[in-house]
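The values are calculated or read from the model by the stated rules, or taken from the named source; none is laboratory data. Model, not experiment: these values are computed from the prediction. As a convention, Cβ positions derive from the backbone with ideal geometry for all residues, glycine included, and neighbour counts pool all protein chains shown. Surface accessibility is based on the protein's heavy atoms, side chains included, excluding ligands, DNA and RNA. Shrake-Rupley method; radii C 1.70, N 1.55, O 1.52, S 1.80 Å.
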Amino acid sequence: MDKLAAINIQNCHFAYAPDKPILQIPSFVIAPGTTVFLRGPSGSGKSTLLQLCTGMLLPQSGQIHVLGESISTLSASARDRFRAANIGVVLQQFNLIDYLSVYDNIKLAQHFTHQDPPTQHTAYLDELLQALRLSPEIQQQKANALSVGQQQRVAILRALINRPKLLIVDEPTSALDEAAKTSFMETLFTLQRMTCCTLLFVSHDMRLTKGFDRVVDLADIDDISTAAVSTADTGLNEWPNTSIKGVQ
Amino acid sequence: MLIKVAVESLKNRRSSVLLTIFALTISISLLLTVEHIRHQAKASFTRTVSGVDLIVGPRTGALNLLLFSVYHKGSIGSSMAYNTRSLLSQNKHVEWTIPVSLGDTHRGFSVLGTTNDFFQHFQYGLNQPLQIIQGRSFAASNEAVLGATVAKKLGYTLLDGIILAHGLGSVSFKQHTDFPLKVVGILAATGTPVDETVHIPLQGLAAAHGTEKHTQQSGFTPKIALTQSAMRKATTRHADADHRPAHQHETPHKHGDKHAHNHTGHHNSAEHRFTSLAPDPQHPLDEISATEPISAIHVGLTNPIAVLSLQQKINQNKDIPLSAILPGIVLNELWQLVSFIEKLLLGIAWLIVVASCIGLATMLLASMRERTREIAILRTIGAAPKTIFLLLQIEALGIVITAILISIFSVTGVLFFLQSWLASTLGLYLTLNLFTLSTSVILLGILAVTCICSLIPAIKGYQNALTNRL
């Protein structure tokens, strides 16, 4: 078993309720430094899989190793610290706390690593700003004053600020128009090459697969997903984007 | 960092947060005020008289006698003759006596006719004697010793001449203009009604009333309704008028003329100005007439154990209708009378605080729905569920601490402006310092109540973060 894999999932079973299994993954391994496109229709359990990988959910059985760390056996607080320091996450929408400034959003991500913010971050931050084509002045703006495209780019910046070895991106382009999508994907690959992190990109949009080292269909690794695609129980296992309902 | 997030989060919801702070401020201010006044009132009441074993007055209610003779509030329908004092002094247990006569005012401050025994024996607080910080006690009948507040408020200094007005109340139409009194002493502040009192010799009071009678005889009859105490004075005056030395009727006129030129250009509001602190030989401290009416006598005993039997003796005296009270016991009775209301007020104030805290919890709980997303973001970037819990608690505490600070400032401010009014109208002496042991306990209590109330939204946030059911 390759313990140094970016993600190594073995015999993993997860269900929100005993009679409603969501995931049953015999084996799924992502090599470090690679870019992986994970495809799956909404409701197929791919968001649940991401939450398992980040340690926000725990499997009922099986092992999950992330960057060599057995994330499912860490203590709750160690898991949270591990996530803060090693995994960058960009979601479909609403990645930022909208009443905080861009700068504070970034600072907050650094705060939860429980490390003293190193000074070299300023240089790195400028580098990221430049790569994302964000002006330095944007840092003083409130997150809710930005356009959706700007918010998504700031979200990438925030996800990369702690130099994570794993970057998880979940449907990041669904709120963007076609032109923005293309430029977003280009930027994402540029940054991946710059930081040499492992990229796990999740989407249902097969047009975005270009440039990825590997394209995986969730149905191929998940026993349940294969059988349940047609009868997928939607709504339970979504990422925070479903909270839009709550807002409305 | 977490505090910054909390602050920004509160700023983001400022209208509901401000309303909550407002509600909390009102309730905390109320609680602080009730508690402060409760304590101060008790302290203020009990420190007014000390070392006086008995107060003897004409037959009246115990509470009435205490309020009138110590706090100069209300009135008693009758007076007693000065010779009662010598009768009391004959008792072997009586160490000293202080006669007091009330009923006149000077610009809203009560005038107390007494003897030098007052300065010698009267005590307040924890057996603290009175202290004349400027000048001296009485040496002539046309002299006055002012309480600290009177001197300060009216800007009087030594040698100023003051004129008494008849009856109680700050505005009186009938003034004893013919008998100006010389300020010869000013007392140190005591925080008791003594501060608000003009002390004059009983002989001076008698002289002032004597001249008033004189002016009435010469045709000047003011058309005003006399107060009850004024009527009392007017009726009891007839008997002793004949005893008074003749020259006292004339000399005050001279005095007024002699010092009229000093009147203009003076810095304070005194009507007259005297030139020398030396006792005026024209107004000697004569022996006080046995029939001179007085309001009460403060009695100090050699042996406090004798107090009950002496009280009984006085109360049961068939010859003169007198009442004797133990000031400490009556003070306690008085306090018990108001303590019910005081406890009720405190209870209501606490209920209001709890209600406001529940309001705070409701506000936070209502915001949880829109904050689900925010919690998910925080979790994603590595915040632990307990951090979310802490964040919500910090927000609640931030609101309450702000409300507490505003309350302390506003209550202190209100007290600052009401202090003198409360002292002069209710005889309530409040300090501005809110930080006593009991208010500190109350503030901690409020914080505890807040923590408990905000547990509900905090736990909800924690669960939200833990299950991540978004």
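In Å², rounded to the nearest 100, what is the total accessible surface buried by chains A and B against each other with a 1.4 Å probe? Before the final figure, lay out each step's value.
Details: alone 11700 and 22100 Å², together 31030 Å².
Using a 1.4 Å probe on protein heavy atoms, the buried area is about 2800 Å².
For peptide A:91-101, compute the average count of partner chain beta-carbon atoms within 10 Å of each residue's beta-carbon.
Details: counts 4, 0, 1, 4, 5, 2, 11, 4, 9, 7, 1.
Counting other chains' Cβ atoms within 10 Å and averaging over A:91-101 gives 4.
Between A:ALA17 and B:GLN316, how many nm apart are label points set 7 Å from Cα along the C-beta direction?
The modelled label-to-label distance comes out at 8.9 nm.
Of the cross-linked pairs A:LYS107/A:LYS210; B:LYS42/B:LYS152; A:LYS46/A:LYS210, which ones have a Cα-Cα span greater than 22 Å in the structure shown? Provide the component values of the computation, followed by the final result.
Details: A:LYS107/A:LYS210 33 Å; B:LYS42/B:LYS152 25 Å; A:LYS46/A:LYS210 20 Å.
In this structure, A:LYS107/A:LYS210; B:LYS42/B:LYS152 exceed 22 Å between Cα atoms.
May I ask you to give the percent of accessible area on chain A that is carbon plus sulfur, with a probe radius of 1.4 Å? Intermediate values should be presented prior to the final figure.
Values: 5300 of 10350 Å².
Roughly 51 percent of what the probe reaches on chain A is carbon or sulfur.
What is the list of residues in segment A:18-46 whose amide nitrogen lies under 12 Å from a point 7 angstrom out from the Cα of A:ASP217, following Cα to Cβ?
Output list for this probe position: A:39-41.
Which angle from 0 to 90°, rounded to the nearest 10, does the C-alpha axis of helix A:178-195 make with the longest principal axis of chain A?
Here the helix axis deviates by roughly 90 degrees.
Tell me which of A:TYR16, A:SER72, A:ASN86 sits at the most positive position along the dipole axis of segment A:1-134, charges placed on C-beta atoms (Lys, Arg +1; Asp, Glu -1).
It is A:TYR16, whose Cα lies furthest towards the positive end.
How far, in nm, would the chain grow between B:ALA189 and B:ILE341 when pulled straight, counting 0.36 nm per residue and subtracting the alpha carbon separation?
Working: separation 152, 0.36 × 152 = 54.72 nm, distance 3.02 nm.
Gain on extension, B:ALA189 to B:ILE341, equals 51.7 nm.
Return the average number of partner chain Cβ atoms within 10 angstrom of each residue Cβ along peptide A:48-58. Present the calculation step by step, with values, prior to reporting the outcome.
Working: counts 0, 0, 1, 4, 0, 0, 3, 1, 8, 2, 0.
Shielding by partners across A:48-58 averages 2.
What's the longest bit of chain A with no exposed trypsin sites (Lys or Arg not before Pro), using DSSP loop states and at most 14 other Cβ atoms within 10 Å as the test?
On the way: sites that count: A:LYS3, A:ARG133, A:LYS210.
Longest site-free region, per DSSP loop and neighbour criteria: A:4-132.
How large is the helix-only mean residue ellipticity at 222 nm for chain A, computed as the sum of -39500 (n - 2.57) over DSSP H runs with n ≥ 4, divided by its residue count, in deg cm²/dmol to the nearest 500? Write down the numbers at each step before the final one.
Values: 9 runs with 86 residues, N = 248.
Value at 222 nm, helices only: -10000 deg cm²/dmol.
When the dipole is taken about the Cα centre of segment A:106-212, and only Lys, Arg (+1) and Asp, Glu (-1) are charged at their Cβ, what size is it in debye, to the nearest 20? Display every interim value, and only then the final one.
Values: 11 positive and 10 negative charges, 28 e Å.
Charge dipole of segment A:106-212: 140 debye, to the nearest 20.
Using 1/(1 + (r/R0)^6) with R0 = 30 angstrom and r between the beta carbons of B:ASN83 and B:ASN127, what's the FRET efficiency to the nearest 0.05? Before the final figure, lay out each step's value.
On the way: r = 30 Å, r/R0 = 0.99.
My answer for the efficiency is 0.50.
In segment B:36-124, which chymotrypsin sites (Phe, Trp or Tyr not before Pro) fall in coil by DSSP and have 16 or fewer other Cβ atoms within 10 Å?
Details: sites: B:PHE45, B:PHE68, B:TYR71, B:TYR82, B:TRP96, B:PHE109, B:PHE118, B:PHE119, B:PHE122, B:TYR124; in loops: B:TYR82, B:PHE122.
Answer in residue order: no site qualifies.
Please work out how much length the chain gains when fully extended from A:LYS210 to A:ALA145, using 0.36 nm per residue of separation minus the C-alpha to C-alpha distance, in nm with one decimal.
Working: separation 65, 0.36 × 65 = 23.40 nm, distance 3.21 nm.
Fully extending the segment from A:LYS210 to A:ALA145 adds 20.2 nm.
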